[in-house]
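Structure first, commentary second.
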Amino acid sequence: GNSVTQMEGPVTLSEEAFLTINCTYTATGYPSLFWYVQYPGEGLQLLLKATKADDKGSNKGFEATYRKETTSFHLEKGSVQVSDSAVYFCALTANTGTASKLTFGTGTRLQVTL
Amino acid sequence: GAGVSQSPRYKVAKRGQDVALRCDPISGHVSLFWYQQALGQGPEFLTYFQNEAQLDKSGLPSDRFFAERPEGSVSTLKIQRTQQEDSAVYLCASSLGQVNSPLHFGNGTRLTVT
């Protein structure tokens, strides 16, 4: 079956530090890959996505590259801000049936301090 | 509406009670999903509607869980004879329905069974 594994949190960084959150996946077919973010008290929001191998998704300074050879989709940001503090979820859809049926990882909490 | 609306925001039920959770999707969105998010975990798929048709209910954990969307808009997730293990945040999401259409999530209903 499909599964997503992401690094456990919490991740605590100082403002302007470099961020990497690792994500690897197992899937049948050719999945699309996503990062969702959940800010405190808010619903899940799509942060970025990539639909095929070697695609790079980017948004708000965050980037992730779809690496088929390593089945990975690591999230990176060059300089984090306090406002980036949130829980980040890696997810995939298998594109083999139900439109947009997402399989999520367990989430990684990011805490950015001054 | 501006986004996916869920009600109530919080629900406390005594074990054995029935509960009903409501989801108002974004107008015009044909696909509607329910997810269950246990504390510290990622969301897990429960069921999926395309208009009024329930196309996938493979994630419903038991026959105590029932979902409907009779007119292809508002959806209700009903849990009968609630148990403590049903305590979780229940998320609703909607999309335009094409493959890779982004999901728009509501803020969820936090259910606590005492």
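Laboratory data are not the source of any read-out in this text; all were calculated from the coordinates shown. Not measured: the values here are computed from a predicted model. All Cβ positions, even for glycine, are placed from backbone atoms using ideal geometry, and neighbour counts span all protein chains on display.
Please compute the net charge surrounding A:Leu48, taking Lys and Arg as +1 and Asp and Glu as -1 over other residues with Cβ under 12 Å from its Cβ. List each step's numbers first, then the result.
Numbers: positive: A:Lys49, A:Lys56, A:Lys60, A:Lys77; negative: A:Asp55, A:Glu63, A:Glu76.
With Lys, Arg at +1 and Asp, Glu at -1, the neighbours total +1.
Near the amide H of B:Ala13, under 5 Å away, which other amide H atoms are found, from residues 5 or more places off or on another chain, if H is placed in the peptide plane?
Result for B:Ala13 returns B:Thr112, B:Val113, B:Thr114.
Give the long-range amide H neighbours of A:Ala17: residues separated by 5 or more places, or on another chain, with amide H under 5 Å away, using H modelled in the peptide plane at 1.01 Å from N.
Hits under the 5 Å cutoff: A:Val80.
Would you mind counting up the charge near B:Asp86? Only other residues with Cβ under 14 Å from its Cβ, with Lys and Arg at +1 and Asp and Glu at -1. List each step's numbers first, then the result.
Numbers: positive: B:Lys11, B:Lys14, B:Arg15, B:Arg64, B:Lys78, B:Arg81, B:Arg110; negative: B:Asp18, B:Glu44, B:Asp63, B:Glu85.
Every neighbour counted, the sum reads +3.
Can you list the aspartates and glutamates whose alpha carbon sits under 16 Å from that of A:Lys77, skipping same-chain ones fewer than 8 residues off?
Excluding near neighbours in sequence, the set is A:Glu15, A:Glu16, A:Glu63.
For a paramagnetic label modelled at 7 Å from the Cα of B:Glu71 toward its Cβ, which residues of region B:1-38 fall within the zone defined by backbone nitrogen distances under 15 Å?
Hits in region B:1-38 for B:Glu71 at 15 Å: B:1, B:23-29.
Quick check: the distance between the Cα centres of region A:51-73 and region B:12-73, to the nearest angstrom?
Going from one Cα centre to the other spans 30 Å.
Would you pull out the residues with amide H under 5 Å of A:Cys23's amide H, same chain only if 5 or more places away, H placed 1.01 Å from N?
Under 5 Å from the amide H of A:Cys23 lie the amide H atoms of A:Phe73, A:His74, A:Leu75, each far enough along the sequence or on another chain.
Taking the Cα-to-Cβ direction at A:Ala53 and at B:Asp56 and moving 7 Å from each Cα, how far apart do the two end points lie in nm?
Result: 2.4 nm between the two label points.
For the protein assembly as shown, I need the span (max minus min coordinate) of the C-alpha atoms along each principal axis, in Å, sorted largest to smallest.
48, 38, 34
Can you give the local net charge around A:Phe18? Use residues other than it whose beta-carbon is closer than 15 angstrom to its beta-carbon, Lys and Arg +1, Asp and Glu -1. Write down the numbers at each step before the final one.
On the way: positive: A:Lys77; negative: A:Glu15, A:Glu16, A:Glu63, A:Glu76, A:Asp84.
Residues close to A:Phe18 contribute a combined charge of -4.
How many partner chain Cβ atoms sit within 10 Å of a residue's Cβ in peptide A:105-113, on average, as a whole number?
Working: counts 2, 4, 5, 0, 1, 0, 0, 0, 0.
Mean partner shielding for this stretch: 1.
Bins of 10 Å, beginning at zero and ending with the bin holding the largest distance: percent of Cα pairs per bin for chain A, please.
15, 49, 29, 7, 0
How much length, in nm to one decimal, is gained on full extension between A:Tyr39 and A:Glu69, taken as 0.36 nm per residue of separation minus their Cα-Cα distance? Intermediate results must be reported in sequence, preceding the final value.
Numbers: separation 30, 0.36 × 30 = 10.80 nm, distance 3.15 nm.
Difference between extended and current length: 7.6 nm.
What FRET efficiency do you get for B:Arg64 and A:Ser3 if R0 is 25 Å and r is their Cβ-Cβ distance, rounded to the nearest 0.05? Intermediate values should be presented prior to the final figure.
Numbers: r = 26 Å, r/R0 = 1.05.
With R0 = 25 Å, the Cβ-Cβ based efficiency is 0.45.
B:Arg81 versus A:Tyr30, label points 7 Å from Cα toward the beta carbon: distance in nm?
Taking the two extended label points, one gets 4.7 nm.
At 4 °C and a viscosity of 1.567 mPa s, what translational diffusion coefficient does Stokes-Einstein give for chain B, taking Rh as the Kirkwood radius over Cα pairs? Give it in µm²/s as a whole number.
On the way: Rh = 13.9 Å.
For these conditions, the coefficient is 93 µm²/s.
How much of the DSSP bridge set in the protein assembly as shown is antiparallel, in percent, rounded to the nearest 5?
On the way: 67 of 75 bridges.
Roughly 90 percent of the beta bridges in the protein assembly as shown run antiparallel, per DSSP.
Enumerate the lysines that B:Lys11 could reach by cross-link, defined here as Cα to Cα under 22 Å, with residues fewer than 8 away along the same chain left out.
B:Lys78
Determine ³J(HN,Hα), in whole Hz, for all residues of region B:47-58 in sequence, where each value follows from phi through the Karplus function 6.51 cos²θ - 1.76 cosθ + 1.60 and θ = phi - 60°; x replaces Gly and Pro.
7, 9, 10, 10, 6, 8, 8, 8, 8, 8, 10, 5
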